[in-house]
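The values are calculated or read from the model by the stated rules, or taken from the named source; none is laboratory data. Every value quoted in this text rests on a predicted model; they were computed, and no experiment measured them. Reconstructed Cβ throughout: ideal geometry from the backbone, glycine too, with neighbour counts over all protein chains shown. Accessible surface areas use protein heavy atoms only, side chains included; no ligands, DNA or RNA. Shrake-Rupley method; radii C 1.70, N 1.55, O 1.52, S 1.80 Å.
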Amino acid sequence: MDAAREKAAIMEFIDGLPEDEREALEQGFPKYLAKTVPAIIAKRFTGGKTWSVDPVIRAK
């Protein structure tokens, strides 16, 4: 899958979640990232449309 289609699939999945689940995911994901990727990459995630900013974040 190319990067553009991968990003679109990620956003379609996240946008399709019920609002409370999406918000819980966005709130918990930075804590998960802090444990699994370098801080400079984790900093790039701010919720919303930033799920696919970095390939390392996309892979998580």
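Looking at the range 36-60, which of its residues are open to solvent by 50 Å² or more (accessible area, probe 1.4 Å) and outside any helix (DSSP H, G or I)? Those that are open to solvent by 50 Å² or more (accessible area, probe 1.4 Å) and outside any helix (DSSP H, G or I): P38, K43, R44, T46, V53, K60.
Would you check if R5 is on the phi < 0 side of the Ramachandran plot, outside any helix (DSSP H, G or I) and out of contact with any Lys or Arg (no Cβ under 9 Å at 6 or more places or on another chain)? Against the criterion (on the phi < 0 side of the Ramachandran plot, outside any helix (DSSP H, G or I) and out of contact with any Lys or Arg (no Cβ under 9 Å at 6 or more places or on another chain)), R5 does not qualify. Checked against the criterion of being open to solvent by less than 90 Å² (accessible area, probe 1.4 Å), touching a helix residue (DSSP H, G or I) at 6+ places or on another chain (Cβ under 7 Å) and not in a helix (DSSP H, G or I), the range 19-35 has no qualifying residue. Taken over the range 1-13, the criterion of being open to solvent by less than 70 Å² (accessible area, probe 1.4 Å) and touching a helix residue (DSSP H, G or I) at 6+ places or on another chain (Cβ under 6 Å) is satisfied by I10 alone.
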